[in-house]
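Working notes, structure below.
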Amino acid sequence: MSFISRGFRGKRRDAASSSRVPPGQYVVNDFPVLSAGPTPRVAFSEWTFVVEGEIDQPKKWTWEEFRKLPTEEVTKDIHCVTKWTKLDTAWKGVSVDTILEGVETSAEYVMAFSYGGYTTNLPLEDVTGGKAWVAYEFDGQPLHPEHGGPARLLVPHLYFWKSAKWVRGLRLLNKDEPGFWESNGYNMYGDPWREQRYWGD
Amino acid sequence: MTVQQSDLKLDGNAIAGLLREIFTMEMTTAESTCAGCHKVHAVGQVEVYMNAPGAVVRCPACGQVQMRIVKGGGRYWLDLSGIRCLEFSA
Amino acid sequence: MARAAVLGRLNWQLGSVAELVQETPRVASLVLDVPEWQGHLAGQHVDVRLTADDGYQAERSYSIASAPEDQRLAITVERLDDGEVSPYLVGEVRKSDKIELRGPIGGYFVWKGGDDRPLLLVAGGSGVVPLMAMIRHRSASKSTTPTTLLYSSRSEDDIIYKAELDALSAAGDGLTVAHCLTRMQPPGWRGYSRRIDRAMLEEVAWPKQQNPIIFVCGPTPMVEGVAGHLVDMGFDPASIKTERFGPTGG
Ligand SMILES: Cc1cc2nc3c(=O)[nH]c(=O)nc-3n(C[C@H](O)[C@H](O)[C@H](O)COP(=O)(O)OP(=O)(O)OC[C@H]3O[C@@H](n4cnc5c(N)ncnc54)[C@H](O)[C@@H]3O)c2cc1C
Ligand SMILES: [Zn+2]
């Protein structure tokens, strides 16, 4: 590629400088909305969250029950595989450790699944140990449906497609299975620091 | 924070260029039969979501995913499993 | 129409800006010299690709505004202040700059002319661009196809191609233009003063017995609203072609 559009910079800040920006990413100030379909509008009265799969007693919460779980506030950098990075995003939600408390399982993987049909797969150890949350507030406000509200998964150390919007449960699996994007080109793991965007990366 | 009030929905016209990278034919006039509801639509008519890691094509009648196109790292991944049949003129 | 079914590779090419036309305060046309241009059909678009000096790229689609008969290729772009590509095309680009593009693209939202069915064109904001290519093609090919354009803009100042549309509809060859202004109307405004609704469509549309060909283009919510009304009114869904420009504008 040799042609350069005179005076074009694009909507981004300087990329290279910061040690907080993974390779190939650039920093944005706004919060782009990504969507693979119509935005589900889930009423709080209908919302539930479940843990199922390789588990003796599946777990289930209504919105009211879920909101009574202990919460955490975290500030994290997020990295979207479409190449934007957003620094210092502030979230409130429930740690996945809290959600899985007391669960006995032989599973090593989870499939997060969402209202609207989206799925994404993760190793269990990447959603436990203080690495993942089910978040329902962003920047001190209830999470807007465009960004995954009522609640979304937040797994900031992996590319952001792993942070399933409109999440409604986790399925515990013994074997890794590809989710929505992982079955069509995207990496099973998705570490932004190793630029694991696609199959074979 | 910018919030988009309406869904970021487009239609098959928006991926006409992308489809021309893959097919030698003009594909928006092709007719696709949905694997879910079996309804037939011109590719120009289908629903398309592009603000995503790939282009996602959905059936305007039943909403099911018909096609996923991912392009990156010098490769394409094309999932047509939501389309039962694609008809176009020779 | 002597277009082979199998097309060549769709290559990126460079056009140079021969002329910039400020159409409204927020909209400009870029008239381009594209040396290898193969010709196009009314309703088709091009993909424009911008490249920054560090390799960052952005791609967007823009409908072709010019008629196939015109000497040069024109696109018309509405500037969205918080957008990435449109503020570059309307604001930064100057005469004799080069623009990378590929096309012509598309075949579904295309009017070739040459049949007797009347045309109903419904536009919101910059959605008028591909419809203007059809109107210009109709005029350049001396077609007398009965044609109605129903065109929604925010205010009188936002009407794209206003003078040209006035002139073409005054020519008396079967083109009617109905405007509606959704936000602000000048004193003495005689057009519609609301968003396009079913009653308005019933007033301007051809009787369904005449089996019109219908093209609807603009912001996604407007296109879906209008197409829904037209189906409810009994028009053949197969004769209603739509093109969505996205969430904004209009
Ligand atoms: C087939 C086709 C033909 C078209 N023809 C024309 C034409 O003739 N003339 C014309 O002016 N336009 C046309 N468009 C629209 C054009 O392609 C661009 O979408 C438009 O110019 C905006 O691009 P942008 O880069 O300026 O804005 P973008 O940066 O894409 O943003 C557009 C707006 O949407 C918001 N937005 C975009 N993406 C997101 C996101 N992920 N999350 C949250 N908000 C977001 C932005 O904040 C902004 O308000 C056409 C579109 C299609 C599909
Ligand atoms: Zn279907």
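Heavy atoms of chains A and B lose about 2200 Å² of accessible surface on contact, summed over both sides with a 1.4 Å probe. Values of log10 I(q)/I(0) for chain A across q = 0.10, 0.18 Å⁻¹ run -0.42, -1.32, by the Debye formula with one identical scatterer at each alpha carbon and no solvent. For the stretch C:2-105, the solvent-accessible area works out to 45 Å² per residue, with a probe of 1.4 Å and every protein chain left in place.
Under the combined filter of DSSP loop state and at most 10 neighbouring Cβ atoms within 10 Å, the stretch A:97-136 retains these GluC sites (Glu not before Pro): A:E104. For peptide B:44-51, the mean count of partner chain Cβ atoms within 10 Å of a residue's Cβ comes to 5. Cross-link partners for C:K208 among the lysines, with Cα-Cα distance under 22 Å and sequence neighbours closer than 8 places in the same chain left out: C:K112, C:K241. Measuring nothing but protein heavy atoms, the accessible surface of the protein assembly as shown at 1.4 Å probe radius is 48 percent carbon and sulfur. Using 1/(1 + (r/R0)^6) with R0 = 60 angstrom and r between the beta carbons of C:D70 and A:D56, what's the FRET efficiency to the nearest 0.05? That pair, C:D70 with A:D56, gives E of 0.25.
Once backbone amide H atoms are built at 1.01 Å from N, C:V177 has C:L149 as its partners under 5 Å, excluding neighbours fewer than 5 places away on the same chain.
Within the protein assembly as shown, the proportion of Cα pairs with more than 47 Å between them is 16 percent.
Our coupling estimate for the stretch C:103-115, obtained by passing each phi through the Karplus curve with A = 6.51, B = -1.76, C = 1.60 and θ = phi - 60°, is x, x, 10, x, x, 6, 9, 9, 10, 9, x, x, 10 Hz, Gly and Pro reported as x. Loop-located trypsin sites (Lys or Arg not before Pro) in the stretch C:153-234 (DSSP state not H, G, I, E or B) with no more than 12 neighbouring Cβ atoms inside 10 Å: C:R183, C:R190, C:R194.
For the Cα trace of the stretch C:11-54, dividing Rg by the Kirkwood Rh returns an Rg/Rh value of 1.00.
Our note on the geometry: Cα centres of the stretch B:1-67 and the stretch C:125-190, 30 Å apart.
Rounded to the nearest 500, the helix-only mean residue ellipticity at 222 nm of the protein assembly as shown stands at -3000 deg cm²/dmol, with each DSSP H run of n ≥ 4 adding -39,500 (n - 2.57). Rounded, prolate or oblate, given the Cα gyration tensor of the stretch C:96-250, with a/c below 1.5 counting as rounded? In terms of gyration-tensor shape, rounded. Along the axis of the charge dipole computed for the protein assembly as shown (Cβ charges of +1 for Lys and Arg, -1 for Asp and Glu, origin at the Cα centre), the listed residues B:A16, C:Y151, C:I135 are led at the positive end by C:I135. Put simply, chains C and B cover up around 1900 Å² of each other's accessible surface, both sides summed, when a 1.4 Å probe is used. One decimal place: the segment A:R194-A:V28 gains 57.7 nm when fully extended, by the rule 0.36 nm per residue minus the C-alpha distance.
Report the FRET efficiency, 1/(1 + (r/R0)^6), for C:R183 and C:L80, where r is their Cβ-Cβ distance and R0 is 22 Å, rounded to 0.05. After rounding to 0.05, the efficiency reads 0.85. Surface exposure of the stretch C:138-191, expressed per residue as accessible area with a 1.4 Å probe, stands at 49 Å². Interface of A with C. Using a 1.4 Å probe and counting protein heavy atoms only, the two chains hide about 1500 Å² of accessible surface, both sides summed. Against the main long axis of the alpha-carbon atoms of chain C, helix C:220-232 sits at an angle near 30°.
Distance from the alpha carbon centroid of the stretch C:205-250 to that of the stretch A:61-116 works out to 42 angstrom.
The C-alpha radius of gyration of the stretch C:2-105, expressed as a fraction of 2.2 N^0.38 Å, stands at 1.06.
DSSP beta bridges confined to the protein assembly as shown are antiparallel in about 75 percent of cases.
The values are calculated or read from the model by the stated rules, or taken from the named source; none is laboratory data. Please read all numbers here as calculations on a predicted model, not as lab measurements. Cβ: placed from backbone, ideal geometry, glycine included. Neighbour counts: every protein chain shown. The protein model used for the area step is the full one, side chains on, heavy atoms only, and it has no ligands, DNA or RNA in it. Shrake-Rupley method; radii C 1.70, N 1.55, O 1.52, S 1.80 Å.
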